[in-house]
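Please treat every number below as a calculation from the coordinates, not as lab data. Fair warning: this is a prediction, and the values are worked out from it, not measured in the lab. Cβ coordinates were reconstructed from backbone atoms using ideal geometry, including for glycine residues, and neighbour counts include every protein chain displayed.
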């Protein structure tokens, strides 16, 4: 069902920006807008919202019936595989008076399709990634509750994992167990996550799966699931065997940075200051280069969405915002440690850390 | 490892087209180029291949180590989350003399990142989706063997499914069994596929999972897996209970179209003629409107790649090409039937149907 309040809000924002329409390809954005996310292959498809609160949909004929299903009588323009889809887009743009206008493009549209459109249709493309992310940056009480529950699920998963991890398991074995446990505790979209042993964890986005946990090992796990559409996202790093002094030192640095970020994340805080508070701990110890990503990202209908917690995101925290606090230290060829919680500014303006499971250094012996 | 022959070939093609470089974001394209596919989040990253056979990589600092790993000493330009990535792209473009030039963009780059680049860097973006797809359109003998094996796996899966499907199962139950069997028979990337019961199958890209198989049901299943990087893709539609006369009639139409397409798919055939041969059967019976997609798509490192089998793809078949033949009839609110095989033109120029499992109408009683 089309969220008509949202269409109205978007139309107003487009008008304010002098933009005539927003193209929304299948994504968390579209899910938020119509409660449905069609499968997106290489074929162009998008819902269009105009500054006059009109909506229409352009898609391949093979998904026409699906689009008719959720577009509630609004126009659907199908194109056939054997034709150039830009002819259909052009026709739709003509009928809605969008030729020659500024059109915003959401985050899911692919560049090669945009290039085809720009070659054949007169319009100016502007970056529309933020429109829907910003309209949902303040979560409702119900969404906050679902975020809380999604985090409760991954907390339970982590508590069980502590008893599961042992030498001889592969990264894949642990990831399979994460998937199983997420489903077991009521999560959806349980695709597993990052499980990285020892030096593999030096790549913050490592997605291998074959390394084996040794008698002594550092195991970093980053995973999430959804509950009623809202994502969780947690990272914990544990030591198999007794931690060395260096491991303890690095772990404690990351933990202090995590705590400093969370302490700074109060209602009204300027986002770059939150990133800086956590980063300072790691930089002062000489590992600034090894914390090579932002402190966090917003979360909700998408795993990554506004607000983004880094030094160039000029916004202040407000009640209803939800985001991760996830500092890390990554040393090539040696080790990677990251500790991630989700944080919300709740309805009362209080900072609430959604992940309650321990962050103390765990040695699995 | 960078495929240097391929870089040479790409550079030559770019030069022929007057294009100065190709941007390749993580995808089957990059897999083909460097044997590795980094995880692609919202952050821009891409390998760049120039018409002078130079290569470099631009990515977020968090994946710098990973890129250094496969770029073999070629330059890697990292950007930090707290900075505008287009500044880093601009610096790289300046160092390689790409400012003001034509730059091709592969299929995986996202439009909002391209728009940011176009706003801040002087260059002309052209559609580069085809470059890598066309360089791998002719499969090697080894790749053909892997395609054969990937199809053997899904054939076995289907043969087992016939004995598994029964009234009371949900679409999800059947999909879970597909995943289990694909893995069991040695497939990789076993993510399940489309399982659509009765009217759900009228949407060719249906991805629901909750409908239940009744005492009488039409069950359409479309799935694949990889074997050594090469994809399989099969669709079979079975009847639970005794088929009605109408089901038999529609099934036979689709089967005749499938056979006509495969008969037309001989070495040297003009691709639009293949699509037309299959489509004619369905059109002549009055169901042209209900066959609302192309006859097929190429397959290999990507599930969908060149050649695309439809009326506007002006190419002739040649030895080494691999593609699907998958006509369907979709009637809204009633039924969907599709039959899909993979077809190759083999080393000897013969047409080989890779799927050997039966296409005769199966009634599960």
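Some points to look at:
- Top of B:311, B:97, B:288 by mean-square fluctuation, Gaussian network on chain B, Cα under 10 Å: B:97
- The calculated FRET efficiency for the pair residue B:365 and residue B:284, based on their C-beta separation and a Förster distance of 30 Å, comes to about 0.40.
- A simple spin-label model places the labels of residue A:145 and residue A:94 5.1 nm from each other, with each point 7 Å out along Cα-to-Cβ.
- Intensity falloff of segment A:141-364 expressed as log10 I(q)/I(0), Debye formula with alpha-carbon point scatterers, at q = 0.17 Å⁻¹: -1.19
- Between residue B:74 and residue B:189, the contour length at 0.36 nm per residue exceeds the alpha carbon distance by 38.4 nm.
- Sorted largest first, the spans of the alpha carbon positions of segment A:228-311 along the three principal axes are 40, 30, 21 Å.
- FRET efficiency estimate (nearest 0.05) - Cβ-Cβ, residue A:315 to residue B:315, R0 56 angstrom: 0.65
- Which of A:185, A:270, A:251 has the fewest Cβ neighbours within 10 Å, and the rest in rising order: A:270, A:185, A:251
- Projected area averaged over orientations for segment A:160-291, convex hull of C-alpha atoms, nm²: 9.2 nm²
- Exposure proxy for A:20, B:141: other Cβ atoms within 10 Å of each Cβ, ordered fewest to most, give B:141, A:20.
- Whether segment B:275-341 is rounded, prolate or oblate, judged on the alpha carbon gyration tensor where a/c under 1.5 counts as rounded: prolate
- Modelled label positions at residue B:352 and residue A:119, each set 7 Å beyond Cα in the direction of Cβ, lie 3.5 nm from each other.
- Considering only beta bridges that DSSP places wholly inside the protein assembly as shown, some 75 percent are antiparallel.
- Among beta bridges identified by DSSP and lying wholly in segment A:141-364, the antiparallel ones come to about 95 percent.
- Look at the stretch B:77-89: the mean tally of other chain Cβ atoms within 10 Å of its residues' Cβ atoms is 3.
- Against the rule of thumb 2.2 N^0.38 Å, how large the Cα Rg of segment A:202-272 comes out: 1.42
- Length available on full extension from residue B:5 to residue B:52: 0.36 nm per residue minus the Cα-Cα distance, which gives 15.6 nm.
- For segment B:236-275 versus segment B:103-136, the gap between their alpha-carbon centres in whole angstrom: 37 Å
- Cα pair distances exceeding 42 angstrom across the protein assembly as shown, given as percent: 30 percent
- Shape of segment B:84-132, Cα gyration tensor, a/c cut at 1.5: oblate
- Contact order relative to length of segment B:4-135, as percent, for alpha carbon pairs under 8 angstrom and 6 or more apart: 26 percent
- Translational diffusion of segment B:4-135 was estimated from the Stokes-Einstein equation, with Rh taken as the Kirkwood radius over Cα pairs; at 20 °C and 1.002 mPa s the coefficient is 148 µm²/s.
- Computed E for residue A:246/residue B:172 - FRET, C-beta separation, R0 35 angstrom, nearest 0.05: 0.15
- When each of A:163, A:184, B:293 is scored by the number of other beta-carbon atoms lying within 10 Å, the sequence from fewest to most is A:163, A:184, B:293.
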